[in-house]
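Structure, as structure tokens:
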Amino acid sequence: MEVVLEVPEHEHPLKLFDLQLQYPHYEEEEEEEKEEKDPIMKEGFEGVTCQRCREEIHMYHRYYYTCSSSCDDFSLHKFCGELPSWLVHPSHPPHTLHLEPYSDLYLERICKICMRHHKPGEYHYNCHECRFSIDVKCALEVGKNIIYHPSHPHLLICAIPKPILCHCNACGEEHKGIFYQCSTTCGGFTIHTECAFLPQKLLIQQRTHGSFYHTHPLTISYSFPLKDQQAKHFPRCRVCGGDFYGKDDLWIYKCDKCLYYVHVDCVRVPPPTAGFGKTAKNYVDHPGLLHLPFPDETYSLPKHYLIFQQSGTRNHKVDDHLIHMSHQHPLILVNHTHSNEQTSSSSNSLLLIKCHDPMKKTRLLCNGCLKPIMSTMPFYICDHHSCNDFALHEWCTRLPSELQNHPGHPHHTLHLIYSNIPGCFFDVFLCNVCSLPCNGFAYGCVGCEYYVDVTCGLIPKQITHEAHPNHLLSIDKSVALFFCQICLESDQRREWSFRCNICYIFMHPECALLLAKTIRHKCDKHPMHLSYHPIENHKSEYFCEICEEDLNPHMSFYHCQDCAQSVHTACAQSILQNETHTYIEYRRATHYFVNIKFGGIHKTHSHPHPLSFSQGIVLDGECSNCHRRLQYKMIFKCLKCKKHVTNEFAEIVHYVEIDIEEDQEIAEATNIMGTPCVQFFKHKEMIGYQIFSLPSFLF
């Protein structure tokens, strides 16, 4: 039934409108519509001014009167339109107050309660005997204190129209101000006026001066249930970096299409130090400061240290042949920029074909730093077939022989070790900084059994990183459990991190140093770029193109915008075959064996055929000796016998093999019998042994 009202100050009848029926609460568009065009601001009720109280008619007031004819500029709150023609007000109990407009003859058009001045024609309540006058806002405040809010099923009333200190159920914070509370049995439900009248949709840059930019309007949501958070990979607030866990009933602003979520309080008042947005620069740039990530895979920390940072190295003389302490044969220089007299152009070109090229699935790693050797960079290689493609970057032949004041071992000098690391089988050691296995060069203190790979040996004390822009990050030995900003993982065994001393932000050293900004991969013809957040306008669920597992877009990953393809950062380095991915097993942002050079043929007197050092895949099955799964392990395999022997480097179990006939003194001293026997030592003391009735293969 249509409700019509006539008021003396307007010539046409007024019609009652229900705003929540006329403008229903925003609902997400169907997925098909989303794909056709970007979401835009829906046309909605933008608010008009009440002609009696001169205040805005808000969506949550729900009902209002407006002219039924063509007078679009005349509207009234429902409670203002239905004001009684007379009343007895507590502020003037002796006499009756009458509703009437201010006349031009009034010398003072001032409300005796709020002392506001009014224009002629504006309505007020007036005492004809005392000339006592109050405006309609002060005369009937109760109507303004009631709102119909979509966040709650009952009416909300402002019972105390003065500022109080109270908890807000919308943002979860404690405020001092005016609050609305449930008018029925929900006594604990209160929302602050600033939260109550937040717009249903907004562009975040309008509130944060562009600091936390997002293309699409954000829509308010009055809860974020745990099951929804789980389905969205437990996102974090894109302004403050905080989570939403345990805050299911608090309001948020969101763009579900782009997985962009923000706390309501962060939209109202952005925090001064925010984890994910633009932050004020807190450092002075200088040539020695390392800005990460590196542009692409041709960059590395040793290259940065020896080419760009060390003075005087640009004019370093490069020899065509090199005798290096790390290898028994002379090394030949391969350089795409020239061909020398002793190495023909055809030979040089042939060696360049062996270089690292993800698009051709060829892999060549430096035996020193274990980073790729590309055809565009000078390197040395041994041309003996028995040396398993031994190669070194030109700059890795000039690594410093010792390091002083290393952050992880400042009291002793670390010496460069090329091979035969004490106590390490097949020269595989676990780096004391990044906790990754490595079989390249090491910097170590033999007396303390402290070893780090070349990258962690040259680790800078301070860096900057795009994942946390404008703030300086310092290397730090963390005493508490922390979550890495890049991989979102935490591991109590990994103590070292780059830390922002202003924000509670951490990064694992390997996540900061080993992930390039751009990579090339065989699975995509375009360069893939490192992303730290979900991609805007992404039209499908996220999954890794390599391991085909679910991908969390809130942690760093590589993405091709043209093909809408994504891969885990750890899987991106599996260029030889997709089966060599390690993310599922180790849950790290870097490939677990990124510092291991596989390949080559190795001979041993314990097995009649040569063995190949490789990473176990699912097709390798079980170990021929211990019958454990070989996938995700470093193994030796005999391609002729189709047998595999595991090698538990991940747990740093070191193996020493002796011949009991040739080494009788050692056999007697350790009580080794003729039956195949393995003894276990810890800190040079035997803690147990196991006798096998199996063939003697290499461990």
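Any read-out appearing in this document is the output of simple, stated calculations on the displayed coordinates, not a laboratory observation. Being a predicted model, the structure only gives us computed values, none of them experimental. Note that each Cβ is placed from the backbone with ideal geometry, even for glycine, and that neighbours are counted across all protein chains shown.
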- Is region 482-574 best put as rounded, prolate or oblate by its Cα gyration tensor, with a ≥ b ≥ c the root eigenvalues, rounded for a/c under 1.5, and otherwise prolate when a/b is larger than b/c, oblate when not? prolate
- Task: Report, by chain and number, residues whose modeled amide H sits under 5 Å from the one on Asp357, excluding near sequence neighbours (fewer than 5 apart, same chain).
- Result: Thr362, Arg363, Leu364
- Message: Please compute the length gained on full extension between His128 and Lys281, using 0.36 nm multiplied by the number of residues separating them and subtracting their Cα-Cα distance.
- Response: 48.5 nm
- In nm, spacing of pseudo-spin labels at Cys563 and Asp73 (7 Å Cα→C-beta vector): 6.1
